[in-house]
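So the structure is just underneath, and the comments pick up after that.
The values are calculated or read from the model by the stated rules, or taken from the named source; none is laboratory data. Remember, it's a predicted structure, so these values are computed and weren't measured experimentally. Ideal geometry is used to build each Cβ from the backbone, glycine not excepted, and the neighbour counts take in all protein chains shown. We work out accessible area using only protein heavy atoms, side chains counted, and drop any ligands, DNA or RNA first. Shrake-Rupley method; radii C 1.70, N 1.55, O 1.52, S 1.80 Å.
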Amino acid sequence: VREGSPLYQPLDERGVAAYVAALRLPLFAEGEELRGVDLADGNVNLVYRVESVADPLRRVIVKQALPYARVVGASFPMPLDRARIEARALTVEGEICPGFVPKVLRYDPEQALVVMEDLSDHLIMRKGLIRGIVYPHVGRDLGHFLARTLFYTSDLFLDPAEKKARVVEFMNPGLCRVTEDLVFTHPYEDHEGNRWNPAIDDAARAVRADQRLKEEIATLKFRFMTEAQALIHGDLHTGSVMLTPDDTKVIDPEFAFYGPMGFDVGALFGNLAIAHAAQAYHAPDEDARQRYRTYIESQFRELWDTFAAEFVDLWRREARPEWPRGALPEAFLLRVLRDAAGFGGTKMLRRVLGLAHVEDLESIPDLEARAAVERRVLAIGRSWILERGNVGRVDDLLALMAEGLARPLVG
Ligand code: SR1
Ligand code: MG
């Protein structure tokens, strides 16, 4: 782990422009004037767009890790090594799934930064869902991305020694610890980092007193920590996807490591379910709400159906010969679906009760209106976790979503 290079220096807008100029990328002419624009929007890093002053359409993104989480500050240390993880994961994913991740132009271990393709014409998926934009192919694209990245990095495809070398290469203990704490531990106990809407005090107390739920979450945490199934993205919420109507890009794999496949699928499921519930506020009227919820449900199904069909197809055609074809691929996928239900449920609970919240909910200004949505998010997340053993098809998760919308969690 390359921590603490004496040359490491967090960049500002001027510094990042000078840094990129010195790289002499083919995109920019020698001596051309460049400008850095601060774009930091996520929780954790510095992000800049660097563009030609004369022709701003020629531009790149520079993402630099800070030794702590940007939104919290020095009290929340995070290792700089995550820039290496991100650069490598983007490279591996780009080889497996060309065109689905931004191109890496440079990785600089000393400055803990990655220079990559600019995606300014794309919109963060979470924002698109809040605005009610229809992206016709996003479910299919994400299912395709998941099937290929998870299959080709797993023991189903890789030589066992090669796979173990990759487990070592992608050891990411610092960021895994963030997930272990923020997704699987702190939200369900009295922890100073937690925050929640005071209008759901009773529901927050009820979750923290629910022993059966907490035992299931501990079981999921253990799976997260021990099931090195594939190279997973590790933080695949809807803020880690950028979209145009015709193009899907998966960004930001700094949390990548060898973990359970269902964690990535579940992250998308959980965040789609949050977007679905939040339509109660964001949709302009009842008709639009119904239409957009139906759209989200269709993408949810499409994501799973594409993932499952392509994963089984890859297994039958390309798995190493020691892995039986027969009924095993489908049985394996059922376990992934149940894991996704459980992990997706924890992702929902943590966004209401833990440290890091999401715009779908935070942008609802009236606390009572927000509470009404949050109680539904809690009910759905809880049922996905507790009922996951009975889930047999993706429609079972959608049915639990409908039940949670009808029966919000109260204390
Ligand atoms: C300090 S905030 C950390 C969270 O932001 C990232 O997006 C991950 O979801 C992480 O849990
Ligand atoms: Mg992120």
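At-a-glance table
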{"item": "Cross-link partners of LYS249 among lysines (Cα-Cα below 19 Å; sequence separation of 8 or more within a chain)", "result": "LYS63, LYS103, LYS127"}
{"item": "Accessible-area composition of segment 301-378, carbon plus sulfur, in percent [1.4 Å probe]", "result": "55"}
{"item": "Accessible surface, segment 280-323, averaged per residue in Å² (probe 1.4 Å)", "result": "54"}
{"item": "Using θ = phi - 60° and Karplus 6.51 cos²θ - 1.76 cosθ + 1.60, couplings along segment 296-307 (whole Hz; Gly, Pro as x)", "result": "4, 4, 5, 6, 4, 5, 4, 4, 5, 4, 5, 4"}
{"item": "Cubic angstrom per residue, convex hull over Cα atoms of segment 45-94", "result": "92"}
{"item": "Separation of the ARG131 and GLN290 label points, Cα + 7 Å toward Cβ, nm", "result": "2.6"}
{"item": "20 °C / 1.002 mPa s Stokes-Einstein diffusion coefficient of segment 316-399, Kirkwood radius on C-alpha pairs, µm²/s", "result": "144"}
{"item": "Two-decimal ratio, segment 28-179, of alpha-carbon radius of gyration to 2.2 N^0.38 Å", "result": "1.18"}
{"item": "Whole-angstrom Cα spans of the chain along principal axes, big to small", "result": "62, 57, 41"}
{"item": "Computed FRET value (nearest 0.05) for ARG325 with THR244, which takes r as the C-beta separation and R₀ as 35 Å", "result": "0.40"}
{"item": "Hull volume in cubic angstrom per residue (convex hull over the Cα atoms of segment 250-382)", "result": "131"}
{"item": "For segment 1-142, accessible area per residue (1.4 Å probe, heavy atoms of protein chains only), Å²", "result": "48"}
{"item": "Unit Cα scatterers, Debye sum, segment 236-294: log10 I(q)/I(0) for q = 0.19, 0.30 Å⁻¹", "result": "-0.82, -1.17"}
{"item": "Rg to Rh, two decimals, where segment 170-265 supplies the alpha carbon set and Rh follows Kirkwood", "result": "1.04"}
{"item": "Listed peptides 329-340, 277-288 by packing density, highest first (mean Cβ within 10 Å)", "result": "329-340, 277-288"}
{"item": "Overall form of segment 133-214 per C-alpha gyration tensor (a/c, 1.5; a/b vs b/c)", "result": "oblate"}
